[in-house]
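Participant: Below is the structure I would like to discuss, written out as C-alpha cells.
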Amino acid sequence: MLYGWRTLYFREGEFKPDPTRSVEWNRGAYLVEGLGHCTMCHTKINMLGGSSQSEQFAGGLIPVQNWYAPSLTSDKDGGLGDWSIKDIVDLLQAGISDRGAVYGPMAEVTYHSLQYMTDEDVKAMAVYLKTLPDNAGRKSGPTAATHTNLFALGEKIYADKCALCHGEKGEGQLQHYPPLAGNQSIEMDSSVNPIRIVLNGGFPPGTKRNPEPYGMPPFAHELNDTEAAAVVTYIRTAWGNHGKPVTAHEINELRNAPLH
C-alpha cells in the first residue's frame, strides 16, 4: 500500500533553484516547499492522504485536528492577495499582525519554530508566498441577508460579549484584537475556524516579538448551539462580510473537537 501511495503522490528529488528568480525568492521557496512543508496543512488532502498539484497552497481542512489551514495563494478572498510582506512576516514570526493572529496548530508552528528564524529567512518566505498564483479563481460571494432572527440574536450577543475588544463595527484594536470586518479567516467558505475560536477561545503563542499575547476567552460554556451559531453568523455576514451563515448543527459538531 505504501508503494502504491508513493507512486501516486511522492516524487523524490532535491530543490533546484529557479535561475530566473532572485536569491531571496529561491531561499523562500526552499524553506516553504522543503523544510517548512507548508503544503501538508495548507493543501486539501484527499481520502488517501494525498494532494493535487493544482490545489497546492489553496487551503484545506486539517484531518483529525479540525482546523482549517487557509489559502497561501494570491487569492484576495481567502489568501494573501491583499497582504503586505510585513503582514506576512509579522504573522509568521510574532504570531500577530495587522491582518490577524495565529491560533490552533499554526500557533504551535510559530511558537516552536518560526519565531526563532532569522529576519532574512522569514522575509524570504514571505516574498515567495506573495508570488503563489491563485489557480482556483475564487470570487467573493453575495452578502448574506441581515434581517433574519438569527442575525438579530447574533448582533445582541456580539454587542454584549465581543464589541468591547473587537469594536462595534468589527474594526478591532491593532494588533492585539484582530479586526473582524473584512477578515478573510472569518469570511472564507469554511466556517470551522471562527466556530472553534468562539467556542474554545483564541490564544496566540508567546513569542520573542510578542512575549505577552492577549488571549480571547472561550464561550462554549456560556453559549448554547443556537446562540453560538447566531454570533458566528453575525460576524461572518455583518459590516459587508460575505461569509455564509452557520447552523446550530455545525456548532454542535465542533464542540468536542480537539483543542490543537
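Participant: Arg27 passes all but one of (1) in a loop (DSSP other than H, G, I, E, B); (2) among the basic types (Lys, Arg); (3) touching a residue at least 24 places away in the same chain (Cβ under 8 Å); which number fails?
Facilitator: Failing condition for Arg27: (1).
Participant: Among the residues of segment 161-176, write down those that are outside any loop (DSSP other than H, G, I, E, B) and hydrophobic (A, V, I, L, M, F, W, C).
Facilitator: Step one: of segment 161-176, the residues outside any loop (DSSP other than H, G, I, E, B) are 161, 163-166, 173.
Within segment 161-176, Ala163, Leu164, Cys165 meet the criteria.
Participant: Could you identify the single residue in Asn252, Asn256, Asn193 that is free of Cβ contacts under 8 Å to residues at least 12 places away in the same chain and polar (S, T, N, Q)?
Facilitator: Every option except Asn256 fails the conditions.
Yes/no per residue for (1) at pLDDT below 95; (2) in the same structural domain as Val246 (by TED's automatic domain parsing); (3) under 22 Å from Phe219 (Cα atoms):
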{"position": "Trp83", "(1), (2), (3)": "yes, no, no"}
{"position": "Leu91", "(1), (2), (3)": "no, no, no"}
{"position": "Pro105", "(1), (2), (3)": "yes, no, yes"}
{"position": "Thr110", "(1), (2), (3)": "no, no, no"}
{"position": "Asp119", "(1), (2), (3)": "no, no, no"}
{"position": "Thr143", "(1), (2), (3)": "yes, no, no"}
{"position": "Gly154", "(1), (2), (3)": "no, yes, yes"}
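Participant: Can you work out which of the residues in segment 95-116 that are touching a Gly at 6+ places or on another chain (Cβ under 7 Å) and in a loop (DSSP other than H, G, I, E, B) is nearest to Arg196 (Cα to Cα)?
Facilitator: Residue satisfying both the conditions and the ranking: Tyr103.
Participant: Restricted to segment 30-55, and to residues that are out of contact with any helix residue (DSSP H, G or I) (no Cβ under 8 Å at 6 or more places or on another chain) and in a helix (DSSP H, G or I), which residue is modelled with the highest pLDDT? Can you show your working first?
Facilitator: Looking only at segment 30-55, we keep the residues that are out of contact with any helix residue (DSSP H, G or I) (no Cβ under 8 Å at 6 or more places or on another chain), and these are 30, 34-35, 37, 40, 42, 45-47, 52-55.
Now drop any that are not in a helix (DSSP H, G or I), which leaves 30, 34-35, 40, 42, 53-55.
Values: Tyr30: 97, Gly34: 91, Leu35: 91, Met40: 89, His42: 94, Gln53: 81, Ser54: 80, Glu55: 87.
Among those that are out of contact with any helix residue (DSSP H, G or I) (no Cβ under 8 Å at 6 or more places or on another chain) and in a helix (DSSP H, G or I), it is Tyr30.
The values are calculated or read from the model by the stated rules, or taken from the named source; none is laboratory data. Please read all numbers here as calculations on a predicted model, not as lab measurements. Don't worry about glycine lacking a Cβ; one is built from the backbone with ideal geometry, like all the others, and counts go over all protein chains shown.
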